[in-house]
Amino acid sequence: MRNIARFTRAHVTGVTLNEYQVQRGNELNKAAGLEGKALSVQADFLKLPFEPNSFDGVYAIEATCHAPRRQSVYGEIYRVLKPGQIFATYEWCLTPKYDQNNEFHRLVKKKIEEGDGLPDMATQEECVEALRDVGFEVVEARDMALDSTFGGDPWWLPLHPSNNPFSFRFQMSPLGKFLVTNILWVLEGIWLVPSGTYKVEVMLQQGGWGCERGGYTGIFTPMW
């Protein structure tokens, strides 16, 4: 939000259900000198507390994938967006390579959903159809994960396991996962980390594994 507000010099309003994120976000906005330019608001994106036709543009980055139905959140965005203006989004989607009859593909999908708090993941075609269902004209839709990286690494590489103990990716390896989860279990037992930290780590590890496998095999993209 702050980077977009700086770059565009526009007034940016962000919504989240989490009260702490709203408080912390507005504190950071003020510290960055963007008070009055960037504002966090506590709201349900399925029931946006804004008047129709009140925004000059809308963006969503890896957010609307949490909606039970894309039509519901896209419909609210369409309602508050001024006629003829643009909605741009980064979606988490299943790609055409996903085969629902493939047991491994289904496992990857399940781990992403469980580890990242997602409902039943949509396909790329379902997202485009949902946009059109609520009234949007789709100007461009593509998987940006397939764009050239110009010599850079693929998006899923930081989640790919490494046996190098000095690498960030070591924690994705079987040994790294074992060490991290058990260290957290011990720290939780002696009250040095909050209760539930161990379970959250296990959940996030599932999501990380699913995202890495999904990206490596090409059946999942976070960049549609």
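The values are calculated or read from the model by the stated rules, or taken from the named source; none is laboratory data. Here the structure is a predicted model, which is why all the values come from computation and not from measurement. Heads up, the Cβs are rebuilt from the backbone with ideal geometry, glycines too, and the neighbour counts pull from every protein chain shown. Just the protein is used for accessible areas: all its heavy atoms, side chains included, with ligands, DNA and RNA removed. Shrake-Rupley method; radii C 1.70, N 1.55, O 1.52, S 1.80 Å.
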request  = For the stretch 1-79, please list each of the strands (runs of 3 or more DSSP E) lying entirely inside it that holds at least 2 residues being out of contact with any Cys (no Cβ under 6 Å at 6 or more places or on another chain) and open to solvent by 70 Å² or more (accessible area, probe 1.4 Å).
outcome  = 38-42, 55-61
inquiry  = Among the residues of the stretch 79-125, what is the count of those that are of a type in the set (Phe, Trp, Tyr) and over 20 Å from the mean Cα position of the chain (by Cα)?
reply    = 1
request  = Please specify each residue of the stretch 94-121 satisfying the condition of being assigned to a helix (DSSP H, G or I) and open to solvent by less than 40 Å² (accessible area, probe 1.4 Å).
outcome  = His105, Val108, Lys109, Ile112, Glu113, Gly115
request  = Would you tally the residues in the stretch 47-64 being modelled with pLDDT of 95 or more and either farther than 29 Å from Arg9 by Cβ or touching a Pro at 6+ places or on another chain (Cβ under 7 Å) (or both)?
outcome  = 2
query = Which one is nearest to Ser162 (Cα to Cα) among residues in the stretch 172-186 that are open to solvent by less than 50 Å² (accessible area, probe 1.4 Å) and touching a helix residue (DSSP H, G or I) at 6+ places or on another chain (Cβ under 9 Å)?
reply = Met172
task = Determine if the stretch 122-137 includes at least one residue that is among the aliphatic types (A, V, I, L, M) and outside any helix (DSSP H, G or I).
result = yes
query = When you go through (1) among the charged types (D, E, K, R); (2) closer than 23 Å to Ile219 by Cβ; (3) in contact (Cβ under 8 Å) with a residue 40 or more places away in the chain; (4) open to solvent by 60 Å² or more (accessible area, probe 1.4 Å) one by one for Asp153, which number turns out not to apply?
reply = (3)
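Starting from residues that are among the β-branched types (Val, Ile, Thr) and open to solvent by less than 40 Å² (accessible area, probe 1.4 Å), keep the ones in the stretch 187-224 and report whichever is nearest to Tyr90 (Cα to Cα).
It comes out as Thr221.
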Checklist (1) of a type in the set (Asp, Glu); (2) at pLDDT 95 or above; (3) open to solvent by 30 Å² or more (accessible area, probe 1.4 Å) applied to Glu91, failing item = (3)
inquiry  = Just the residues that are of a type in the set (Asp, Glu) and more than 29 Å from Trp155 (Cα to Cα), please, taken from the stretch 57-91.
reply    = Glu76
task = Could you tell me which numbered condition Ala32 fails, if it satisfies all but one of (1) in contact with a Lys or Arg (Cβ under 6 Å, 6 or more places away or on another chain); (2) under 23 Å from Pro83 (Cβ atoms)?
result = (2)
query = In the stretch 138-149, how many are open to solvent by less than 40 Å² (accessible area, probe 1.4 Å) and part of a helix (DSSP H, G or I)?
reply = 1
